[in-house]
Ligand code: COA
């Protein structure tokens, strides 16, 4: 795989998102590879769990790839949101535990990826946020729904409307991460310790708990459909073009509401 480093040990797969020149941002090729990893996790009876982390100390995943997003038309944006939602739903529904070990920026699609995982732990330098608003767009990979489920409507709206980043300790106070540790070594040690506890339980009971918890959150609900549609509608605006262009040109955007 071009965008992941993969390790397998004691029935646990550890995958490291590795696209350092773009702070591990999710481009189409990377998402396809992630889809293959998740497919393999579902199918391979020997693998009992997955830990996902980011390469280096700076980023877990800094969001969807803005340079790829910038050139999408409305139909392509709708298809992208739907396929991202479906992939993250496969992660959420996986009968085997998936732990996000967050070692730096978890922004936009990176925060959404982490929220689709069953357990989130972070290093103290990690930063969380849904900064899509700064690009004239909104979350499109399930973030509007999962952030609201995890931190509640008021705080979720504040985070999405301001685009503010929060620290790992703030994320912990909100219940967005379960544990905060000092560095990358401690992060991987804790991820493995939690994973080892779970993989030594009955896989049937593990799968039943995940399935039952998820049954309380109906994916078919209007929220995900509205998210994909409204995400794609935002891409059909001057503000979206200005937002993405300003990121690429490293300047502040000027939004006009058109
Ligand atoms: N998509 C594409 N490229 C990205 C990216 C993204 N989401 N996030 C970072 N990069 C690239 C930058 O363009 C830059 O590339 P360059 O060296 O070719 O110019 C490189 O990664 C390093 O990023 P840079 O912005 O220089 O690092 P920084 O330390 O100053 O800032 C962030 C780090 C994460 C705060 C900043 O990169 C950022 O805001 N990224 C976008 C986050 C976002 O909006 N995500 C949601 C997308 S929908």
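Each reported figure results from applying straightforward, stated rules to the coordinates on display, with no laboratory input. Not measured: the values here are computed from a predicted model. Every residue, glycine as well, gets a Cβ built from its backbone with ideal geometry; the counts of neighbours run over all protein chains shown.
Observations
- From least to most packed, judged by other beta carbons within 10 angstrom and beginning with the fewest, 119, 6 follow the order 6, 119.
- Contact order relative to length of the chain, as percent, for alpha carbon pairs under 8 angstrom and 6 or more apart: 20
- Once the Cβ-Cβ distance of residue 86 and residue 208 is raised to the sixth power relative to R0 = 25 Å, the FRET efficiency obtained is 0.65.
- When shorter helices are ignored and each DSSP H run of at least 4 residues is given -39500 (n - 2.57), the per-residue value for the chain at 222 nm works out to -15000 deg cm²/dmol.
- Relative to the longest principal axis of the Cα atoms of the chain, the long axis of helix 74-93 lies at roughly 20 degrees.
- Among beta bridges from DSSP that stay inside the chain, the antiparallel ones total about 25%.
- Efficiency of FRET from Cβ geometry, residue 217 and residue 58, R₀ 30 Å, rounded to 0.05: 0.40
- Mean shadow area of the stretch 1-160, taken as a quarter of the surface of its Cα convex hull (nm²): 9.1
- Convex hull of Cα atoms in the stretch 154-258, direction-averaged projection (nm²): 10.5
- Taken along the Cα-to-beta-carbon direction at a fixed 7 Å, the label points for residue 173 and residue 249 span 3.8 nm.
- Separation of the stretch 166-242 and the stretch 2-79, taken as the distance between their Cα centroids, equals 14 angstrom.
- Taking 46, 236, 218 and counting other C-beta atoms within 10 Å, the order from fewest to most: 46, 218, 236
- The angle separating the long axis of helix 28-43 from the principal Cα axis of greatest extent in the chain is about 30 degrees.
- Rounded to the nearest 0.05, the FRET efficiency derived from the C-beta distance between residue 241 and residue 161 at R0 = 25 Å is 0.75.
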